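Structure record follows, encoded as structure tokens.
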Amino acid sequence: DNLKALFRAVAMAKPDNELIAEVMMYSEGFKQAKALAAKLVAVFQLSQQLLSPQQHYDWGLRALKTVLRVGGQLITAEKKSLGRGAEVSPEVEEQLLIKSLRINTLSKLTFHDTNAFNALINDVFPDAEIKDVLYETLEAAVIDVLVEEKLEPMPAQVKKILQFYEATQQRMGVVVVGPSGCGKSTMWRVLRIALAKLGQRIPEYVMNPKSMPREQLLGHMDMDTREWFDGVLTSSARKVVREPPEVKSWIICDGDIDPEWVESLNSVLDDNRLLTMPSGERIQFGPNVNFIFETHSLKFASPATVSRMGMIFLDQESSDVKCIVSCWLRQQPETVQMKLQSWIDDVFFRALDYIGLQGGHVVETTRAGVVHGVLSHL
């Protein structure tokens, strides 16, 4: 009690998510906001309880707000297509909300949680017609790029690329999480080339933040001369803010996410889009800039960082080793492709299964990593 007297008491109230969702939905133009808000919050609460606990899952207010904002964009587009004075039916409102929920949630779910989440939506929204947002022109361009690059156009990977594109439209920061060899770098490279085909140029600035000290990444001030020296990230930030608004730019951080440097970007990744440097100078980003993070794990990232970013989760189920082998075969000379194909069919996959049964790798790796390692020796 004596210790308690030295401190000031602070009371905190838990936010009423249902009321917040209802008010936001009315402001976005939903007529059935009260009923839909209750269902949407129920989906978030049940997902938190029933789905597996993952470090990169976020079922908080930021995720809810993103779903509602996308829902508002979809209902505005629907009203424009119907014409002036036309009303959107309750059934269509429900469809648009489900579409928005799936856009922002499916990309971050694991392979097993995806089926559980789809069943959950069917239970909360019975008899509702479930449709996804279609990007037919972009999807065709992505498939063309995959064929040109001699890659396998897997439907699951194409879907992930489109989800990644949607995430870059909705969030300032996007994290691509997955083990080595599952196609994280290939995803953004393919999307970048596909958008270039459609006339959208995207300058990229790639760096590995963990390969350098914090001062080299974010800049530092000489304490004797008071002169400011830009770091790798702050130098890239100055370049992207000079680009015209119609040019999208990507700052790509390829490496482990460490609180030591990523916490400095929290004000950049939320709605402020503001980078404050140690010198006191501020850089204001526009909506045409995205921070993209590639990492195998988010175990060191704080919940504040995770909630600010869109998530694209890739697991070993989304990368088929047979596709990796067939892509490698396409890049070999035509004269030896047939021989290599027969040897791989006879020996390679049986040996791979044998290695999997033995287990106990000296260096921890993934199935895709083993395949890439073996193919590099052929």
Original post:
Gly178's amide H: which non-local residues (gap 5+, or another chain) put their own amide H closer than 5 Å, with H modeled 1.01 Å from N in plane and none for Pro or chain starts?
Top reply: Thr295, His296, Ser297, Leu314
Original post:
Taking 0.36 nm per intervening residue step and subtracting the Cα-Cα distance, what contour gain separates Tyr205 from Phe229 on full extension?
Top reply: 6.8 nm
**OP:** May I ask for the Kirkwood hydrodynamic radius of region 226-378, worked out over all distinct Cα pairs and given in angstroms to one decimal?
**Re:** 19.5
**OP:** Scan around Ile252 for amide H atoms under 5 Å from its own, H built in the peptide plane at 1.01 Å from N, and keep only partners 5 or more places away or cross-chain.
**Re:** Tyr205, Val206, Met207, Ile292
**OP:** Select from Ser180, Ser264, Ser27 the residue whose mean-square fluctuation is largest in a Gaussian network model of the chain (Cα-Cα springs shorter than 10 Å).
**Re:** Ser27
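Taking 0.36 nm per residue of separation and subtracting the Cα-Cα distance, what length does fully extending Asp353 through Arg62 add?
100.4 nm
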Subject >> With at most 11 other Cβ atoms within 10 Å, longest stretch of the chain clear of loop trypsin sites (Lys or Arg not before Pro) (DSSP) >> reply: 132-225
Original post:
Relative contact order for the chain: what is it in percent, counting Cα pairs under 8 Å that are at least 6 residues apart?
Top reply: 18
**OP:** Using a Gaussian network model of the chain whose springs link C-alpha atoms within less than 10 Å, name the residue from Thr110, Thr365, Thr225 with the highest mean-square fluctuation.
**Re:** Thr225
Subject >> Shape parameters for the chain, alpha-carbon atoms, Rg then Dmax in Å >> reply: 23.7, 86
Subject >> Inter-label distance, nm, simple model (7 Å from Cα along the C-beta direction), Ala13/Met338 >> reply: 7.8
Subject >> Residue-by-residue Karplus 3J(HN,Hα) for region 62-76, coefficients 6.51, -1.76, 1.60, Hz, glycine and proline x >> reply: 5, 5, 5, 5, 5, 4, 5, 5, 5, x, x, 5, 5, 6, 5
Subject >> Gain in span if fully extended, Ser52 to Ile130, counting 0.36 nm per residue against the direct Cα distance >> reply: 25.7 nm
Original post:
Tell me, what ³J(HN,Hα) does each residue in region 214-227 have, in order and in whole Hz, if you take phi through Karplus 6.51 cos²θ - 1.76 cosθ + 1.60 with θ = phi - 60° and put x for Gly and Pro?
Top reply: 4, 5, 6, 7, 9, x, 8, 10, 6, 5, 7, 9, 6, 8
**OP:** Quick one: divide the alpha-carbon radius of gyration of region 1-117 by 2.2 N^0.38 Å and tell me what you get.
**Re:** 1.36
Original post:
Taking region 1-91, which GluC sites (Glu not before Pro) meet the DSSP loop condition and have no more than 10 other C-beta atoms within 10 Å?
Top reply: Glu87
Original post:
Reachable aspartates and glutamates from Lys108, Cα under 15 Å, same-chain residues fewer than 8 places away excluded?
Top reply: Asp58, Glu166, Glu294, Asp315, Glu317
Original post:
Using Cα pairs under 8 angstrom and six or more residues apart, how large is the relative contact order of region 68-138, in percent?
Top reply: 36
Subject >> Dipole of the chain, positive end: most advanced residue of Val147, Cys327, Ser342 [Cβ charges, Cα centre] >> reply: Val147
Subject >> Mean separation of Cα contacts under 8 Å (6+ apart) over length of region 236-378, as relative contact order % >> reply: 23
Original post:
Carbon and sulfur: what percent of the chain's accessible surface (1.4 Å probe)?
Top reply: 53
Original post:
Given charges of +1 on the Cβ of Lys and Arg and -1 on the Cβ of Asp and Glu, with all other atoms neutral, how large is the dipole of the chain about its Cα centre, in debye to the nearest 20?
Top reply: 520
Subject >> Residue-by-residue Karplus 3J(HN,Hα) for region 85-92, coefficients 6.51, -1.76, 1.60, Hz, glycine and proline x >> reply: x, 6, 9, 8, 5, x, 5, 5
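The values are calculated or read from the model by the stated rules, or taken from the named source; none is laboratory data. Keep in mind that this is a model prediction, so the values were computed, not measured. All Cβ positions, even for glycine, are placed from backbone atoms using ideal geometry, and neighbour counts span all protein chains on display. The accessibility values were calculated without ligands, DNA or RNA, using every heavy atom of the protein model including side chains. Shrake-Rupley method; radii C 1.70, N 1.55, O 1.52, S 1.80 Å.
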